[in-house]
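J.: Dumping the structure here so I can ask a few things about it.
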Amino acid sequence: MSDAADQIFAALRQSSQSGAPLYLQLRKSIEDAVNRGLIGPGDALPSERDIATKADISRVTVRKAVQDLVKGGILVQRHGSGTFVAPRMERVEQSLSRLTSFTEDMARRGMAVRSAWLDRGLYAPSPDEMMVLGLSSSELVARVARLRIANDTPLAIERASLSASVLPDPAGIGSSLYAALGQTGNRPVRAVQRISAANLGEGDARLLEVPPGIAGLHIERISYLASGKVIEFTRSIYRGDAYDFVAELRLTGPSEEGRP
Ligand code: 16G
């Protein structure tokens with residue numbers, strides 16, 4: 001990327017009179033270069049010393065700008081080999097009007113799905129699980145927690161809770177929870193999903209291979225059987241840079257106006 005680097009840092013030298021702190025100017029120059037495609041995913045950034053010389057600024061300033069961009073997920077640092085432009089995620093567009101499983105969603109896109117188990121077992125239910133799943137304290141809850149991976153990229157952490165009477169052997173579900181529920185006639189037909197913004201904590205960020213503190217989506221799904229019984233209570237963390245949730249909205253007719 002040496003030509004591109006020369007352009008970026010030469011431009012910085014000219015704009016360095018603009019008054020903004022130098023590290024912010026440098027951060028913006030690198031960010032702009034990534035957005036304009038001057039440097040692409042996987043490209044190596046020149047060394048701190050090279051940037052400092054080319055842009056005529058101190059190495060401390062360069063380090064500050066680079067660290068900010070690493071925190072923001074624009075750059076990645078690999079121990080011993082340097083700093084690179086982060087691989088760009090191909091965003092997944094997900095409809096909010098269909099009740100599908102992760103396995104089905106990814107298969108439809110031709111992506112190879114796998115999961116890493118984080119937890120599976122029967123436990124005494126938490127107060128939340130008792131309330132949502134309608135369990136008493138003497139009943140057990142089945143917990144299935146997985147890191148969901150598509151085309152080798154971790155996309156989400158899903159922690160599902162179901163009544164143990166529905167899922168007595170959480171270790172035996174195979175690769176798809178919904179397929180396993182379908183086999184016993186317990187696949188949900190309706191769900192209510194609540195999506196909120198979340199900054200990823202250390203542990204979740206490590207699993208999702210993103211810097212801690214980066215934006216994610218917290219999704220809570222409560223799914224129902226046709227009878228109205230709650231079957232699944234799943235709390236998930238999705239990568240914010242990987243998902244676009246899409247909902248179709250329609251103008252309500254006069255007869256529907258004012259309905260809740
Ligand atoms: C989806 C659901 C999750 C469900 C899972 C089953 C969201 C936010 N979550 O990822 O609630 O447990 O599918 O997938 O959409 P599976 O059948 O592949 O295990």
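J.: Could you compute the FRET efficiency for Arg49 and Ala20, with r as their C-beta to C-beta distance and R0 at 22 Å, rounded to 0.05?
T.: 0.40
J.: Only Cα pairs within less than 10 Å get springs; with that Gaussian network setup on the chain, which residue of Ala33, Ala164, Ala242 has the largest fluctuation?
T.: Ala33
J.: How big is the charge dipole of region 148-260 about its Cα centre, in debye rounded to the nearest 20, if each Lys and Arg gets +1 on its Cβ and each Asp and Glu gets -1 on its Cβ?
T.: Result for region 148-260 is approximately 380 debye, rounded to the nearest 20.
J.: Next question. What is the set of long-range amide H partners of Ser163 at a cut-off below 5 Å, with H atoms built 1.01 Å from backbone N?
T.: Result for Ser163 returns Ala142.
J.: Note down the relative contact order for the chain as a percent, whole number, built from C-alpha pairs under 8 angstrom at least six residues apart.
T.: 16
J.: GNM, the chain, Cα, under 10 Å: largest mean-square fluctuation among Leu75, Leu24, Leu177?
T.: Leu24
J.: Run the quick spin-label model on Phe245 and Gln193: label points 7 Å from Cα toward the beta carbon, then report their separation in nm to one decimal.
T.: Between Phe245 and Gln193, the simple spin-label model gives 0.6 nm.
J.: Still on this structure, please answer the following. Mind telling me which of Gln183, Gln67, Gln193 comes out most flexible in a GNM of the chain, alpha-carbon contacts under 10 Å?
T.: Judging by the Gaussian network model, the answer is Gln183.
J.: Just tell me, in residue order, which DSSP H segments of the chain are both 15 angstrom or longer along the helix axis (alpha-carbon based) and at least -0.5 in mean Kyte-Doolittle hydropathy.
T.: Values: long enough: 2-15 (20 Å, -0.13); 22-35 (20 Å, -0.19); 59-71 (18 Å, -0.16).
Once both thresholds are applied, what remains is 2-15, 22-35, 59-71.
J.: Normalising by the residue count of region 85-222, find the relative contact order in percent from Cα pairs under 8 Å and 6+ residues apart.
T.: 19
J.: Lysines near Lys71 by alpha-carbon distance under 16 Å, same-chain residues fewer than 8 away left out - which ones?
T.: Output for Lys71: Lys28.
J.: Please give the FRET efficiency for Ser227 paired with Glu31, using the beta carbon to beta carbon distance and R0 = 41 Å, rounded to the nearest 0.05.
T.: Working: r = 52 Å, r/R0 = 1.28.
Step by step, r from the Cβ atoms, then E = 0.20.
J.: First select every other residue whose beta carbon is under 14 angstrom from the beta carbon of Val34; then total the charges, Lys and Arg +1, Asp and Glu -1.
T.: Around Val34, the charge tally is -1.
J.: Farthest toward the dipole's positive end in region 4-153, which of Ser136, Gly19, Ser115, given Cβ charges of +1 (Lys, Arg) and -1 (Asp, Glu) about the Cα centre?
T.: Gly19
Every read-out reported here was derived from the displayed coordinates using simple, explicitly stated rules and does not represent laboratory data. All values reported here derive from a predicted model rather than from experimental measurement. Neighbour counts are summed over all protein chains in view; Cβ atoms, including those assigned to glycine, are modelled from backbone coordinates with ideal geometry.
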